[in-house]
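Just so it is clear, none of the values below were taken in a lab; they were calculated from the coordinates. Nothing here was measured: the structure is a model prediction, and the numbers come from that model. Neighbour counts run over all protein chains shown; Cβ positions are idealised from the backbone, glycine included.
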Amino acid sequence: MNSLPENYYQELEQIQAVDFVLVELTLYLDTHPDDVKAINQFNQYAQYSKQLKRAFEAQFGPLQQYGNSFSDANWGWGRLPWPWQV
Amino acid sequence: MWIYEKKLQYPVKVSTCNPTLAKYLIEQYGGADGELAAALRYLNQRYTIPDKVVGLLTDIGTEEFAHLEMIATMIYKLTKDATPQQLRDAGLGDHYANHDGALFYHNAAGVPFTATYIQAKGDPIADLYEDIAAEEKARATYQWLIDMSDDPDLNDGLRFLREREIIHSQRFREAVEILKEERDKKKIF
Ligand SMILES: [Fe+2]
């Protein structure tokens with residue numbers, strides 16, 4: 001699975017960075033539920049994450065299953081590489 | 001329900017095939033203070049803990065599965081090109097005899113995972129103190145692993161995981177304070 005282009009890794013890392021912010025904000029808000037600033041930041045990053053994933057999935061196939069991502073024309077889910085293979 | 005996402009939480013790279021390091025990393029896969037134990041502990045405690053901290057246990061428990069996948073990826077990448085002889089030299093001969101190159105839930109010494117590693121006491125403070133201790137033990141394990149590893153790429157991922165344990169511990173400490181506050185409020189009225 002060495003045939004992946006450079007931008008696969010770049011765009012994936014961008015998604016990982018944005019989603020990390022969301023994980024951090026999630027745990028923070030679990031114990032600070034009244035922090036309105038953090039909630040606004042959370043929603044802003046949630047939107048940003050969705051944008052990045054839409055662009056990534058259009059090139060490299062679905063990230064999620066059960067209808068949370070749209071499928072490509074030939075069910076790339078099982079064909080495209082898994083995280084430990086890249 | 002849970003939704004799988006086809007990405008690691010943080011990129012995992014290894015510099016070279018190194019089954020010796022993989023053998024040590026298995027501690028965090030199926031060991032007492034490893035990621036599987038953490039995920040199963042928190043997600044099981046959720047059902048009877050006060051509502052105020054169910055969200056936290058759900059979210060940390062879910063993140064632990066992402067860490068389990070990172071550890072699995074590290075072990076997989078460190079061993080996938082190893083010959084049976086190399087695995088044997090690394091002390092993984094016993095593992096290979098039973099599992100070939102497959103991963104299995106046991107600790108670095110080969111002891112299989114057991115539910116006796118984790119507890120659910122039904123007492124929220126007791127459960128959360130166990131969770132804090134679990135995070136501190138996992139943090140210490142990551143430190144010992146980093147101290148033994150000479151792979152800079154691997155250490156980058158291990159440092160990320162070590163830092164996550166610190167955050168989890170911090171959040172669980174806050175959860176204890178939230179519950180204590182609740183308890184004291186009830187006493188006043
Ligand atoms: Fe943790």
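Quick notes on this structure:
- Helical runs (DSSP H, four residues minimum) scored at -39500 (n - 2.57) apiece and divided by the length of chain A put the mean residue ellipticity at 222 nm at -21000 deg cm²/dmol.
- Evaluated at q = 0.14 Å⁻¹: base-10 log I(q)/I(0), Debye formula over Cα of chain A: -0.58
- Here the contact order of the range A:1-62, divided by its residue count and restricted to Cα pairs under 8 Å and six or more residues apart, works out to 46 percent.
- Using bins of 5 Å that start at zero, the share of Cα-Cα pairs per bin across the protein assembly as shown amounts to 1, 5, 11, 15, 16, 16, 14, 11, 6, 3, 1, 1, 0, 0, in whole %.
- Fewest-first ranking of B:Tyr24, B:Tyr4, using other Cβ atoms within 10 Å as the exposure measure: B:Tyr4, B:Tyr24
- Using a simple spin-label model with pseudo-atoms 7 Å out from Cα toward Cβ, B:Asp94 and B:Arg159 lie 3.3 nm apart.
- Backbone HN-Hα couplings from phi across the range B:70-84 [Karplus 6.51/-1.76/1.60, Hz, Gly and Pro as x]: 5, 4, 4, 5, 4, 4, 4, 5, 6, 10, 4, 9, 7, 7, x
- For A:Lys37, the aspartates and glutamates whose Cα falls under 15 Å of its own Cα, not counting residues fewer than eight places away in the same chain, are A:Glu24.
- Local electrostatic count at B:Val111 - Lys and Arg +1, Asp and Glu -1, tallied over other residues with Cβ under 12 Å: -2
- On Cα atoms only, tilt of B:124-148 relative to the major axis of chain B in degrees: 30 degrees
- Phi-based couplings in Hz for the range B:4-14 (Karplus 6.51, -1.76, 1.60; Gly and Pro marked x): 7, 10, 7, 7, 7, 5, 8, x, 10, 10, 10
- Cα extents of the range B:78-189 along the three principal axes, largest first (Å): 70, 31, 17
- Database remark: amide H of A:Gln64 closer than 5 angstrom to the amide H of A:Ser69, B:Lys6 (H placed geometrically; neighbours at sequence offset of 5 or more, or on other chains; Pro and chain starts carry no H).
- Virtual spin-label span in nm between A:Val36 and B:Gln119, 7 Å along Cα→Cβ: 4.3 nm
- Chain B - Debye-derived log10 I(q)/I(0), Cα point model, q = 0.11, 0.14 Å⁻¹: -0.51, -0.78
- Euclidean distance of C-alpha centroids, the range B:27-44 and the range A:8-50, integer Å: 25 Å
- Spatial separation of Cα centroids for the range B:46-103 and the range B:111-146, in angstrom: 16 Å
- Relative contact order of chain B: 31 percent, from C-alpha pairs under 8 Å at least 6 residues apart in sequence.
- Sorted by Cβ density within 10 Å, fewest first, the residues B:Met148, B:Met70, B:Met1: B:Met1, B:Met148, B:Met70
- Simple rule: put +1 on each Lys or Arg Cβ and -1 on each Asp or Glu Cβ in the range A:1-62, find the dipole, and look at A:Gly61, A:Tyr8, A:Val36; the Cα lying farthest toward the positive end is A:Gly61.
- Remark: for residue pairs B:Lys13/B:Lys137; B:Lys6/B:Lys80; A:Lys50/B:Lys137; B:Lys77/B:Lys121; A:Lys50/B:Lys23, the C-alpha separation exceeds 27 Å in A:Lys50/B:Lys137; B:Lys77/B:Lys121; A:Lys50/B:Lys23.
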